[in-house]
Amino acid sequence: MQGNEAAQIASAILSFRRYRLRALSPDIFGEPAWDLLLEVFVADAEGAPMTARIAAERSETPPSVMSRWLKHLSAKNLVIGDGDGNLDDELTLSGAGMAAIESVLLQARALKDGIGPTAGFDSESGRLDIR
Amino acid sequence: MNQADPSMFASQLESMIAFADAQGEFVLGAFLSQALDRINAITATSQGLPSATE
């Protein structure tokens, strides 16, 4: 998968997640670490700076919450910043973080490509077989 | 029926968050911070103040 395509998928996932917030309610969603990882991935692909504060505002996550997720992601060596939870640090993904996100996006693309055409009827079970 | 004191909840949550941070348990700290933010929002709403999360 080309980096540009991976960034497009990540960007689409983020757009979808923001759409959910508007269509329903921020109260029933929340996965700040995932939002932050995707934001950093997309920003990196676009050569744009990204901070946890920007990601927090976009995902409507309280700063105090995002700061702790940032500390956790830094401690797990997925994100590289100063590691102190400073929301204004410019962030990049570590090698391990980049590999993990690319793996997830590859799976997302495989799932997208599998929607529709591969669904078939299983005559033995009498049910739709969607892979 | 007992009337709960939200300020006590907030104080207890702040202590728990400090403990989690000190232990390096940032995921726990994040969830507790989310809870504290919600408690503060409820308290602000009940007092007619604008919520920090809204």
Considering only the other residues whose Cβ falls under 15 Å of the Cβ of B:Ala18, what net charge follows from Lys and Arg at +1 and Asp and Glu at -1? -1
Ranked on Cβ counts within 10 Å of their own Cβ, fewest leading, A:Asp44, A:Asp88, A:Asp35 go A:Asp88, A:Asp44, A:Asp35
Amide H neighbours of A:Val79 under 5 Å, counting only residues 5+ apart in sequence or on other chains, H built in-plane at 1.01 Å? A:Ser74, A:Ser94
Remind me, relative contact order of the range A:3-129 in percent, using alpha carbon pairs under 8 angstrom and six or more residues apart? 22 percent
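How much net charge surrounds A:Gly30 when only other residues with a Cβ under 14 Å from its Cβ are counted (Lys, Arg +1; Asp, Glu -1)? Before the final figure, lay out each step's value.
Working: positive: A:Arg17, A:Arg18, A:Arg20, A:Arg58, A:Arg68, B:Arg38; negative: A:Asp27, A:Glu31, A:Asp35, A:Glu60, B:Asp37.
It works out to a net charge of +1.
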Going by alpha carbons, how many degrees (0 to 90, nearest 10) lie between the helix axis of A:63-75 and the longest principal axis of chain A? 80 degrees
Order these by the 10 Å Cβ neighbour count, fewest first: B:Phe19, B:Phe9, A:Phe41. B:Phe19, B:Phe9, A:Phe41
Quick one: net charge of A:Asn86's neighbours, Cβ under 11 Å, K/R +1, D/E -1? -3
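For the range B:6-46, what class follows from the C-alpha gyration tensor (a ≥ b ≥ c being the square roots of its eigenvalues): rounded when a/c is under 1.5, otherwise prolate if a/b is larger than b/c, else oblate?
Verdict is oblate for the range B:6-46.
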Taking square-rooted eigenvalues a ≥ b ≥ c of the alpha carbon gyration tensor, is chain A rounded, prolate or oblate, where a/c under 1.5 means rounded and, failing that, a/b exceeding b/c means prolate? prolate
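Every read-out reported here was derived from the displayed coordinates using simple, explicitly stated rules and does not represent laboratory data. No experiment lies behind these values; they were computed from the predicted model shown. Because the Cβ atoms are built from the backbone with ideal geometry, glycine has one as well, and the counts that use them run over all protein chains shown.
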